[in-house]
1. Bin width 5 Å, alpha-carbon pairs only: give the P(r) of the range B:257-302 as whole percents, running from 0 to the bin holding the largest distance.
2. For the range B:4-300, take N as its residue count and report Rg(C-alpha) divided by 2.2 N^0.38 Å.
3. In Å, what is the Rg of the alpha-carbon atoms in chain A, and how long is Dmax?
4. Report Rg/Rh for the protein assembly as shown, rounded to two decimals, where Rg is the Cα radius of gyration and Rh the Kirkwood radius.
5. Angle between the Cα long axis of helix A:267-279 and the longest principal axis of chain A, 0 to 90 degrees, nearest 10?
6. Averaged across B:306-319, how many Cβ atoms of other chains sit within 10 Å of each residue's Cβ atom?
7. Strictly greater than 15 Å: what percent of every Cα pair in the range B:158-223 meets that?
8. Which whole-number percent is the relative contact order of the range A:196-323 (Cα, under 8 Å, 6+ apart)?
Amino acid sequence: MRKLRYREALREAIAEEMERDPNVFLMGEEVGYYQGAYKVTEGLLERFGAERVVDAPIAESGFAGLGIGAAMVGLRPIIEFMTWNFSAVAFDQILNNAAKVRQMSGGQFTCPIVFRGPNGVARQTGAQHSQSFDAIYAYIPGVKVVAPATPADAKGLLKSAIRDENPVIFLEDERLYGVTGEVPDGEHLVPIGVSNLVRQGATATVVTWGKMLPAVLAAAETLGREGVECAVIDLRSLRPLDLAPVYASVAETGRALVVQEGWPYGGVGAEVVDRLQRECFAQLRAPVLRVTGRDASMPYNKHLEDLSIPSAETVVRGVRAVLAY
Amino acid sequence: MASEVSDELGALHRQMVLIRRFEEAAAKAYSQGKIGGFLHLYIGQEASAVGALAALRETDYVVGTYRDHGIGLAKGMTPRACMAELFGKVTGCSKGLGGSMHYFDADKRMLGGYGIVGGHVPLAAGVAFKAKYKNTGEVTVCFLGDGAVSIGDFHEALSLAALWKLPLVTIVENNEYSMGTPLSRTMSVPDSSQKALAYGMARDRFHAHDVLEVKARVGEAVKRARESSLPTLIEIQTYRYRGHSMSDPGKYRSAEEIEARKKDDCVLRAEAALRAQGRDDAYFAALEAEIEAIVEDAVRFADESAEPGEELIEAYTYA
């Protein structure tokens, strides 16, 4: 197996799908001549031409909506948001058009479109550029939401997203773009809606996704040296949500912790906790706890930023709190 | 023998009468509690959709607002499917899941009525983008109201359509009121087609009194889109006789104003032209009887159709 950076894995997925299907095109700010704000799309303009790698002006609602219209009549757009923060001005297009057109038309129209870009905190980019949109989009029936944590999942999930008949919210991560990992050779597809048990453990179950996975795995290593063995489950897809491996693990551990980067109010973690208390009430030996981002807009200061999202240390404390019951 | 011109005018007049009688029947059904939610009638504006869509081929696309009954019928949707949708029945065009504001017909290339003002204009640009991307020669027509000219999506869509030279005809149906607020209080200029200037886009502006003129003028924009892949912004000046929706008390305009506007009525004008060309009372009586039967059939069909089952609530959430 080869090792690829996360951004290279994404690029390979886009290129392979554009090669396979002439209806796939890429549109977004700086995706072409600039070679991608985060270099995900480097080289694609030269390879596929300006008709299929389309530099858009700063008009997120306009080009998101344009993609939706194109998807309704047979194209398969990949719409890049430079960051998901900028999707807020296109929220109406995703909420009211992409997610609803199939229902409103009685099933006559589908919307096979991928919206992708980096999500969540980057590095000291301040309050307006450091937001996690997981919960906001996962709330909406009619869209699928995925958040790959590894290069292999980034490639496999993006290929599946491009082939999906529904709108897919594809949450990447600026802090993960440079991370390397093994990616299988040849055609590599990861199905949407299947979570992944990435670490075995019988003491406690930790559920996470996206950029929190490295912090959770580091915490699990630390706890492992003390004889506390954590099972770690990477959700990968936030809608639909596959909690079967979580239920199986909790049947063994009786204790669970959910780790999310985003704000604590509501959210995907809260959804996981709700389902766990209903499905695993008899097996649980402690309340399910969450380690989340702080309930505040992101401060610019580096020290305060570090304190505002979960870290390996806060995850270790979270597991200990679950075990203390 | 009727001339070719009057044959065409006769067909367009018939469509306008159908829309008007359909809308009158919808209003009646609404007052009887058979239609719920919002109901935005097209009465008074018929020449706009009928004339504009007469300039299209069947393979061309149309995207509309929530005032979409006239657009749907003019694009060839059946009165039965349209009325049943208003009644929320499973035989409706969207199986009763859409309602008055969300008419769709994939076969007729009616890509929907949309309820968020201006939010559909980028979609229409995307449909036009597909035609250019695949080089199909199809044209997309997008209708919106004068109230949508102030919202960002309208401008973003026009900006992109002009930048990328998309075969899109955007028609602002200026019926003078954004719900209950006159244009003079929502826009700094009286002519919304001026918005095209900043985008370097072709524009046109005219009244919807004469349905044949609407067809001819929109036809020029359609030709520009089809042959040169260039967008056009058109303002069609029109007027709705009924309220914004059925719940509109209409306190923002006078009865005199409405009566004065009815003197320019597009249906009566077409009728007068047809009479001048030799159509007689018997022709119009027969036409009214035929349309009445179609609309009565649509209402009966809607009334007798089944409600959608509970299994449809989530059935179309995902493909």
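1. Histogramming the range B:257-302 at 5 Å steps yields 5, 19, 16, 18, 17, 16, 8, 1 percent.
2. Taking the Cα Rg and dividing by 2.2 N^0.38 Å, one obtains 0.95.
3. Over chain A's Cα set, Rg and Dmax evaluate to 19.5, 60 Å.
4. Values: Rg = 28.0 Å, Rh = 26.7 Å.
Using Cα coordinates only, the ratio equals 1.05.
5. Compared with the principal axis, the helix lies near 50 degrees.
6. Numbers: counts 0, 0, 1, 0, 0, 0, 3, 1, 2, 4, 12, 9, 13, 11.
Taking all residues of B:306-319 together, the mean is 4.
7. Numbers: 1276 of 2145 pairs.
When every Cα pair of the range B:158-223 is considered, 59 percent fall beyond 15 Å.
8. Details: 236 pairs, mean separation 37.9, N = 128.
Averaging sequence separation for qualifying contacts and normalising by length gives 30 percent for the range A:196-323.
The values are calculated or read from the model by the stated rules, or taken from the named source; none is laboratory data. Bear in mind that the values here come from a model prediction, so they are computed numbers and not experimental data. Note: ideal-geometry Cβ built from the backbone for every residue, glycine included; neighbour counts use all protein chains shown. Remember, those area values only see protein heavy atoms, side chains included, never the ligands or the DNA or RNA. Shrake-Rupley method; radii C 1.70, N 1.55, O 1.52, S 1.80 Å.
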